[in-house]
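Everything below concerns the one structure shown next.
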Amino acid sequence: MTISLQYYHVTVNDPEEALAFYRDALGLDVLNDVSSGGHRWVTLGSADQPGTEIVLSDPHAGRSKADGDTMQELLTKGVLPMIVFNTDDLDRTFEQVRASGAEVLQEPIDQPWGPKDAAFRDPSGNMVRILQAQPQGQSA
């Protein structure tokens, strides 16, 4: 049996505002954009490298009012799960994202457990980490 992750939902205050970060700063491609009932779901990924995709949507999209209100509260607190991206050139990716005006949480550093990583907040306050694995046989 084979199993893999298809997509991951990222709750954002405003999908259009989030596109400036995920599409323009990170360089992801918009693969699908669906509106329904006043809400919007934007799927992003890499057209060149199919694989895991992310779906941006607002807290109330597809949820009851009570559940959406709870998601909004968690988003406002900044306690929703982080998303982690992998890159082959962290320094270049970091500078590209920083140049977009994104809030830097951590500049690139070598972690004792192996990867070199950095962290940002997206426009909604979600933590986004970007890592670059160390070459095989090399430790931090």
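Where a number appears in this text, it was derived from the coordinates with a stated rule and is not lab data. These figures come from a predicted structure and were not determined experimentally. Note that each Cβ is placed from the backbone with ideal geometry, even for glycine, and that neighbours are counted across all protein chains shown.
Taking the Cα centre of region 7-132 as the origin and placing charges on Cβ (Lys, Arg +1; Asp, Glu -1), which of ALA20, VAL30, LEU75 is farthest toward the positive end of the dipole?
Working it through, the farthest residue towards the positive pole turns out to be LEU75.
Relative contact order (percent) for region 7-132, with alpha-carbon contacts under 8 angstrom and 6 or more residues of separation?
24
Nearest-5 percent of antiparallel DSSP beta bridges in region 7-132?
70
Can you put MET1, MET71, MET82 in order of Cβ neighbours within 10 angstrom, beginning with the fewest?
Going from sparsest to densest Cβ surroundings: MET1, MET82, MET71.
Can you give the net charge of the other residues whose Cβ lies under 15 Å from the Cβ of THR93, counting K and R as +1 and D and E as -1?
So the surrounding residues net to -3.
About the Cα centre of region 3-140, how large is the charge dipole given +1 on each Lys and Arg Cβ and -1 on each Asp and Glu Cβ? Please answer in debye to the nearest 20.
Charge dipole, region 3-140, about its Cα centre: 300 debye, nearest 20.
What's the exposure ranking of ILE83, ILE109, going from fewest to most Cβ atoms within 10 Å?
By the 10 Å Cβ count, ascending: ILE109, ILE83.
For region 1-46, what is the charge dipole size about the Cα centre, in debye to the nearest 20, if Lys and Arg each add +1 at the Cβ and Asp and Glu each add -1 at the Cβ?
180
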